[in-house]
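For reference, the structure discussed in these notes is given below.
The values are calculated or read from the model by the stated rules, or taken from the named source; none is laboratory data. This structure is a prediction, so every number in the text was calculated from the model and none was measured. So basically every Cβ, Gly included, is an ideal-geometry build from the backbone, and we count neighbours across all protein chains shown.
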Amino acid sequence: MGETITHKIIREHLVFGEMKPGREIGLRIDQTLTQDATGTMTYLQFEAMGRDRVRTELSVSYVDHNMLQTDFRNADDHRYLQTVAARYGLYFSRPGNGICHQVHLERFGVPGKTLLGSDSHTPTAGGLGMLGIGAGGLDVAVAMAGAPFYVTMPRVVLVYLEGRLGPWVSAKDVILELLRRLTVKGGVGKVFEYGGPGVETLNVPQRATITNMGAELGATSSIFPSDERTREFLAAQNRAGAWRPLAADPDAEYDEVITIDLSALEPLIACPHSPDRVVPVREVAGRPLDQVCIGSCTNSSVADLEVVAAILRGKTVHPRVSLTISPGSKQALTMIAQSGALAALVAAGARILEAGCGPCIGMGQAPVSGGASLRSFNRNFQGRSGTEDAQLYLASAEVCAASALAGAITDPRDLGAPPQVALPRSFVVDDNMIIPPPADGRNIEIVRGPNIKPLPTRGPLEDVIEGELLLVAGDHITTDHIMPAGAEILPYRSNIPALSNYAFTRLDPTFPERARRAGKGFVIGGENYGQGSSREHAALVPMYLGVQAVLVKSFARIHRANLVNVGILPLTFQNPADYARFRQGDRLRLEDVRRALQAGEPLRVINLTQGFECLAVAGLSPREVEVLLAGGMLNYIKQQA
């Protein structure tokens with residue numbers, strides 16, 4: 001039997017386990033990336049391991065999230081990141097060089113290699129035929145130290161593409177169609193592998209848009225073949241030597257097959273407040289808008305920005321609308337400046353932001369109170385924009401540009417014939433904003449600002465765990481609910497004590513105070529708990545506040561792994577109906593915890609307040625059990641050493 005692309009890459013990198021879906025495997029990691037919202041904690045953890053230098057083929061530290069420097073904190077962390085990169089052998093992408101996923105696609109990605117990133121949208125690299133996986137920062141730090149990355153062997157889903165995209169239909173509509181069909185939890189435990197005759201009609205930036213938003217499906221990763229289109233892109237980036245052909249065998253078998261006829265798609269839009277609330281644009285056309293934001297790691301390539309400029313050229317943005325443009329990289333910004341597209345955008349009334357994440361992560365450009373914002377981004381969770389009552393929509397760059405002119409959600413097909421924009425035959429290559437590491441960094445002084453605080457840790461897992469039920473949360477709780485981002489909060493990313501003042505405050509403003517008073521506690525949630533960002537602060541901060549266990553109907557992959565890494569017990573209800581029996585304030589007790597975990601038995605959750613008990617399942621691998629018994633990954637590594 002032939003192999004899929006996914007199986008080929010995994011087999012080449014497998015160092016532990018069997019390639020059977022549901023089993024834990026260990027993978028050798030070739031490359032890593034971090035960004036500054038997660039990177040500071042990642043490198044503090046790497047330092048704690050006592051390694052002298054990173055042991056991957058290539059590791060890159062990017063600054064793209066926290067570039068709003070309202071005081072010393074972000075600037076101090078950037079200096080820390082630059083000096084720690086030089087000390088331990090990483091490339092450093094300076095502020096202004098661009099968004100990690102866009103720059104990595106342009107300058108570092110290699111077909112057939114593995115990439116682990118402390119950002120959930122790391123699968124963007126799948127547009128090049130690279131197996132990119134998002135993870136918590138501690139997992140990335142461990143991979144930089146040369147150890148395997150452990151993950152559950154995924155099921156592989158073939159997305160069979162037929163036909164060709166029609167006028168005004170974009171790659172964004174392909175992934176929105178998948179989200180419409182499968183929902184935000186439809187990809188958990190899966191890799192989406194794209195194939196079929198429609199693949200060759202899509203260029204690498206289009207493919208990267210699709211693989212980027214596979215994260216919104218909850219997928220482990222998404223990947224395209226490495227073919228002639230891939231070779232053309234790498235050659236245009238002056239990296240032809242990085243190319244290798246990579247395709248599934250003709251007789252490869254998949255766990256599931258989904259067929260999408262590209263020619264049958266129409267412009268789509270995700271409505272508030274979830275990426276899977278997808279409808280045709282025509283169904284919501286006419287809804288007034290206050291803001292339009294174009295960019296992010298999803299739709300900020302040269303081609304995206306050239307299309308937007310062509311739509312806006314000679315026109316003016318509607319007087320009610322604030323239009324922002326966030327180029328994905330310095331390369332993209334340089335090229336639209338040289339082509340005249342930047343001048344067309346400015347003349348039309350667009351506000352040009354620096355090459356970074358910006359509004360997508362809530363760093364500036366919050367909409368007006370109760371406003372409607374249309375974004376070419378990948379997430380529209382409530383409050384993520386910085387305005388709690390704003391209504392956020394997601395659509396393609398084409399839909400965004402047409403709507404910015406009209407002042408309301410607009411089907412771009414109403415504009416007539418679409419502009420014709422081709423991918424450049426060659427890109428402007430100038431890596432002067434990427435600092436390579438010195439051959440020997442042992443004499444480099446690492447500079448730490450006063451906002452960088454020591455890592456919080458926890459002792460070994462106790463055999464009896466008792467505490468207050470601090471919160472009962474609903475379905476699809478995101479990491480934004482658990483540990484919000486935004487301009488006010490993100491500057492504390494290396495200061496867990498300060499960050500703890502914001503934990504769960506979008507669900508209950510009293511949570512931090514109650515957790516401190518209780519000392520030890522539990523959190524209960526519904527389906528797909530912890531979806532969204534890879535930020536491990538959503539696990540570190542609850543651990544710091546005394547959360548001992550999280551009991552839910554189901555977990556998002558990365559967050560569950562982060563809980564294990566910091567020593568919080570992740571449990572799922574054996575009977576999901578038991579969820580409804582619990583009330584905030586109940587006193588809960590777990591007994592015989594260590595023995596039950598080692599034996600792989602369910603744990604008894606005793607509700608001392610209401611006088612009942614139920615069963616919960618940990619579902620841990622033997623390695624994860626050892627990590628939890630030690631009290632978290634750092635303790636486990638020290639024991640192994």
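Of the residues Ala397, Ala341, Ala309, which single one is small (Gly, Ala, Ser), crowded, with 21+ Cβ neighbours inside 10 Å and touching a residue at least 40 places away in the same chain (Cβ under 8 Å)?
Working: Ala341 fails: touching a residue at least 40 places away in the same chain (Cβ under 8 Å); Ala309 fails: touching a residue at least 40 places away in the same chain (Cβ under 8 Å).
Going through Ala397, Ala341, Ala309 in turn, just one is small (Gly, Ala, Ser), crowded, with 21+ Cβ neighbours inside 10 Å and touching a residue at least 40 places away in the same chain (Cβ under 8 Å): Ala397.
For the subset of the range 290-304 comprising residues that are hydrophobic (A, V, I, L, M, F, W, C) and touching a strand residue (DSSP E or B) at 6+ places or on another chain (Cβ under 6 Å), which member is farthest from Asp64 (Cα to Cα)? Reasoning before the result, please.
If we filter the range 290-304 for residues that are hydrophobic (A, V, I, L, M, F, W, C), which is where we start, we get 292-294, 297, 302-303.
With the extra rule that they be touching a strand residue (DSSP E or B) at 6+ places or on another chain (Cβ under 6 Å), the set shrinks to 292-294.
Details: Val292: 21, Cys293: 17, Ile294: 16 Å.
The selected residue is Val292.
Of all residues being within 30 Å of the chain's Cα centre (by Cα) and crowded, with 19+ Cβ neighbours inside 10 Å in the range 608-624, which is nearest to Gly146 (Cα to Cα)? Just the residue, please. So that I can check it myself, show each step before the final result.
Just the residues of the range 608-624 that are within 30 Å of the chain's Cα centre (by Cα), to begin with: 616-624.
Next, only the ones that are crowded, with 19+ Cβ neighbours inside 10 Å stay: 616, 618, 620, 624.
On the way: Ala616: 34, Ala618: 28, Leu620: 23, Glu624: 18 Å.
That would be Glu624.
Just to be sure I understand, how many residues within the range 74-89 are surrounded by fewer than 24 Cβ atoms within 10 Å (Cβ to Cβ) and of a type in the set (A, V, I, L, M)?
Total meeting the criteria: 2.
Could you tell me how many of the residues in the range 256-282 are closer than 21 Å to Ala390 by Cα and in a helix (DSSP H, G or I)?
Total meeting the criteria: 1.
Which residue out of Leu138, Leu165, Leu158, Leu178 is under 27 Å from Leu634 (Cα atoms) and in the same structural domain as Glu18 (by TED's automatic domain parsing)?
Working: Leu165 fails: under 27 Å from Leu634 (Cα atoms); Leu158 fails: under 27 Å from Leu634 (Cα atoms); Leu178 fails: under 27 Å from Leu634 (Cα atoms).
Within the list Leu138, Leu165, Leu158, Leu178, the selection yields Leu138.
What's the number of the condition Arg107 fails, among (1) over 28 Å from Phe427 (Cα atoms); (2) within 22 Å of the chain's Cα centre (by Cα); (3) surrounded by fewer than 24 Cβ atoms within 10 Å (Cβ to Cβ)?
Arg107 satisfies every listed condition except (1).
Just to check your reading of the model, which residue among Ala366, Ala401 is modelled with pLDDT under 95 and either among the hydrophobic types (A, V, I, L, M, F, W, C) or more than 28 Å from Pro95 (Cβ to Cβ) (or both)?
Numbers: Ala401 fails: modelled with pLDDT under 95.
Sole residue among the options that is modelled with pLDDT under 95 and either among the hydrophobic types (A, V, I, L, M, F, W, C) or more than 28 Å from Pro95 (Cβ to Cβ) (or both): Ala366.
Restricting attention to the range 186-239, and to residues there that are of a type in the set (Ser, Thr, Tyr) and either within 30 Å of Val429 (Cα to Cα) or not assigned by TED's automatic domain parsing to the domain that holds Asp119 (or both), which single residue is surrounded by the most Cβ atoms within 10 Å (Cβ to Cβ)? Working first, answer last.
So the first thing to find is which residues in the range 186-239 are of a type in the set (Ser, Thr, Tyr), and the list is 194, 201, 209, 211, 220-222, 226, 230.
Pick out the ones that are also either within 30 Å of Val429 (Cα to Cα) or not assigned by TED's automatic domain parsing to the domain that holds Asp119 (or both) and you get 194, 201, 209, 211, 221-222, 226, 230.
Numbers: Tyr194: 27, Thr201: 15, Thr209: 29, Thr211: 30, Ser221: 28, Ser222: 32, Ser226: 25, Thr230: 25.
Ranking the qualifying residues of the range 186-239, first place goes to Ser222.
What helices (runs of 4 or more DSSP H) lie completely within the range 300-394 and have 1 or more residues being farther than 21 Å from Val103 by Cβ and not assigned by TED's automatic domain parsing to the domain that holds Gly98? I'd like the intermediate steps shown before the answer.
Working: elements: 302-312, 330-339, 341-348.
Correct list: 302-312, 341-348.
Report, by residue number, each residue of the range 406-420 that is in a loop (DSSP other than H, G, I, E, B) and within 18 Å of Leu374 (Cβ to Cβ).
At the first step, the residues of the range 406-420 found to be in a loop (DSSP other than H, G, I, E, B) are 407, 409-411, 416-420.
Within the range 406-420, Gly407, Ile409, Thr410, Asp411 meet the criteria.
Any residue that is outside the structural domain of Ser534 (by TED's automatic domain parsing) and farther than 30 Å from Ala248 by Cβ - is there at least one of those in the range 12-34?
Checked the range 12-34: at least one residue is outside the structural domain of Ser534 (by TED's automatic domain parsing) and farther than 30 Å from Ala248 by Cβ.
Among the residues in the range 546-563, are any crowded, with 17+ Cβ neighbours inside 10 Å, over 21 Å from Glu24 (Cα atoms) and among the hydroxyl-bearing types (Ser, Thr, Tyr)?
No: the range 546-563 contains no residue that is crowded, with 17+ Cβ neighbours inside 10 Å, over 21 Å from Glu24 (Cα atoms) and among the hydroxyl-bearing types (Ser, Thr, Tyr).
Would you mind stating whether Ser403 is among the polar types (S, T, N, Q), surrounded by 16 or more Cβ atoms within 10 Å (Cβ to Cβ) and part of a helix (DSSP H, G or I)?
Answer is yes for this residue.
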